[in-house]
Amino acid sequence: MDKKLSIGIVCYPTFGGSGVVATELGMALAAKGHNIHFISYRHPERLSGQFQANISVHEVRPQHYPLFEFPPYELTLIGKILEVARFEKLDVLHVHYAIPHAFSGYNARQILASEGISLPVITTLHGTDVTLVGKDRSVAPVVKYSMEQSDYLTAVSHFLKEETYSYFNISKEIHVIHNFIDFGKFSKKEFGHFKTSIAPNGEKLLVHVSNFRKVKRVQDVIRSFEIVSKALPSKLLLVGDGPERSKMESLCRELKLCDQIRFIGKLSAVEDILSISDLFLLPSETESFGLAALEAMACECPVISTNIGGLPEINIHGVTGYLTDVGDVEAMAKHAIDLLKNPVLHAEFRKNAYGRAQEFSLDKILPFYEALYIKAVQEVAV
Ligand code: GMT
C-alpha cells in the first residue's frame, strides 16, 4: 500500500495484552512509513524509549480538583484525541479495548464532525472488555452503543466475535483479525549459559507469563508444577506481576516449593525467558486469544493451556501442546510429564509450535489492519 496515513492509536500503556498488541501494531505501521500517534495515560511499556521519527506519544492527564473523587478520564481523553486529530491531521483513529476508549473515540468523532472534520473510528475488542468488565450492567449499554457507533469493529478471535454477538446482540459486522507475532523480536535465542545458571542440573524449565489477575488461575500453574516436580527434576519461572502475586508467593511457601519456583516480576524481554523454557502453562479461566501462548510458541516452546475462549484457535491439542479443562491440574501435569519425559515428542512439539506461530506472523496480519484503515478513510466522510 502506497498511501501513508496519520493514525491515532488509543491504548492502555501496560504490559497486559491489549496494550502490547496496540504498541506492536503501531511500531510495525511506523516501520512501514505511517505516522503513528499513541494516545495513552502513560508512555506504552512495549515502546522502547528511543526516538523514532514517525512515532509520537501523547499522554492523557486527567484533571485533579477537590470536587472530583474520580477524575474524569474519558473527558480528558476526548480532549486529547481532538487536539491530536486537529493538529496532527489524523486520517483514522484506532482504539484498543472498548472501555472507555470506544466511547471516547465516538464522542471525539462527533465533535470533529460538527467542525467538518472526518475521523473514522476503528475499535478492536480484546477480551475482558467484552467477556468480563463490559458485561457489568453498569456499563453494558454504553459499551454496546459505542461498539455500534464505531465505523469498524474488530475482534482478536472468532470466539470473541461470537461472544460479543451473543451477549450484546449487536448487528454490526465484526471483523476477526487475530493477534500477531513479530518474528524480528520473538524467536528462539541461544541462551545456553542463561539456562545453565537457572537449571544447573539439567532440570526442565516450565514457565508462565501473565498479569497475575484472578482469571489467569496462577494457582493452577503452581499446583500442576507441584505434581510435575515430583515426577522429574524441574523448575518453574513465573513472569509478571499483579493482584494475585503475593497470594501465589504464600502458596509456594505453603507447598515448600520455594527452591524450585522463581518469581521474576515484569520483563520487557519475555522472549529471553521463553527461549530457554521447555513448556509454557496457561490455565486461564477466560482468554479471548492468549497472546502469551503465541509468544511462547514463536520461541519454540510448546503450550499446555485450558480449552476455553480463543485458545483452541492457536494451540492445537496433541500437536503444538495440549488443551485441558479449566481447573484440571492433574491433566495439565500428566500431559507435562509425558511430554517432558519424551525427548522425541518434545522436539516435534517444539517444531510444530513454531510452525503454527508462523501462521500468525506480523507480515500476514498487518495487511488486514492496513486494508481496514484505507477502507475507513475512503468510505467515511463527514
Ligand atoms: O487479560 C489480560 O491479560 C489483558 C487483556 C487486555 O485486554 O489487556 O488481554 C486480552 O487481550 C489480549 C490481546 O488481544 C489477549 O491475548 C488476551 O487473551 C485477552 N485476555 C483475556 O481475554 C482474559
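Since every read-out is calculated from the coordinates, none of them should be taken as a lab result. Computed from a predicted model, the values in this text were never measured in an experiment. Virtual Cβ from ideal backbone geometry, glycine too; neighbours counted across all protein chains shown.
Computed over the chain with a Gaussian network model linking Cα atoms closer than 10 Å, the most mobile of L345, L323, L237 is L345. Classify region 339-382 as rounded, prolate or oblate, taking a ≥ b ≥ c as the square roots of the eigenvalues of its Cα gyration tensor: rounded when a/c is under 1.5, otherwise prolate if a/b is larger than b/c and oblate if not. Taking the square roots of the gyration eigenvalues as a ≥ b ≥ c, region 339-382 is prolate. Greater than 25 Å separation of Cα atoms is the criterion. Which listed pairs, K185/K364; K161/K334; K256/K351; K185/K334, meet it? Pairs exceeding 25 Å: K161/K334; K256/K351; K185/K334. Would any residue of region 153-176 have its amide N under 18 Å from a label point 7 Å out along Cα→Cβ of K32? List them or say none. From region 153-176, the list is 153-156, 175-176. For the pair A371 and V344, a Förster radius of 45 Å applied to the C-beta separation gives a FRET efficiency near 0.60, rounded to the nearest 0.05. For region 275-382, the list of GluC sites (Glu not before Pro) that fall in a loop by DSSP and count at most 15 other C-beta atoms within 10 angstrom reads E359. Distance between the pseudo-spin-label points of K364 and V326 (7 Å out from Cα toward the beta carbon): 2.8 nm. With a cut-off of 19 Å on the backbone N, no residue of region 42-61 is near the modelled label site 7 Å out from D136 along Cα-Cβ. Counting neighbouring Cβ atoms within 10 Å and putting the fewest first, the residues D129, D220, D136 line up as D136, D220, D129.
Counting pairs of alpha carbon atoms under 8 Å apart in space and at least six apart in sequence, what relative contact order in percent does region 194-309 give? Walk me through the numbers before you get to the answer.
Details: 181 pairs, mean separation 35.0, N = 116.
Contact order relative to length: 30 percent.
Pairwise Cα distances in region 159-214 exceed 12 Å in 80 percent of cases. Can you give me the C-alpha center-to-center distance between region 1-48 and region 337-382, rounded to a whole angstrom? When both Cα centres are located, 18 Å separates them. Dividing the mean sequence gap of close Cα pairs (under 8 Å, 6+ apart) by how many residues region 272-324 holds gives a relative contact order of 36 percent.
If you take the C-alpha gyration tensor of region 192-358, multiply each eigenvalue by 5 and take the square root, what semi-axes do you get, largest first, in whole Å? If you can, show how the numbers build up before the last one.
Details: eigenvalues 83, 69, 49 Å².
Working through the eigenvalues yields semi-axes of 20, 19, 16 Å.
Distance between the 7 Å Cα→Cβ label points at N307 and N54: 4.6 nm.
The mean sequence separation of alpha-carbon pairs under 8 Å and at least six residues apart, normalised by the residue count of the chain, gives a relative contact order of 14 percent. Dimensions of the chain based on its C-alpha atoms, expressed as ranges along the principal axes with the largest first, amount to 68, 48, 40 Å. Simple rule: put +1 on each Lys or Arg Cβ and -1 on each Asp or Glu Cβ in the chain, find the dipole, and look at N315, L257, I78; the Cα lying farthest toward the positive end is L257.
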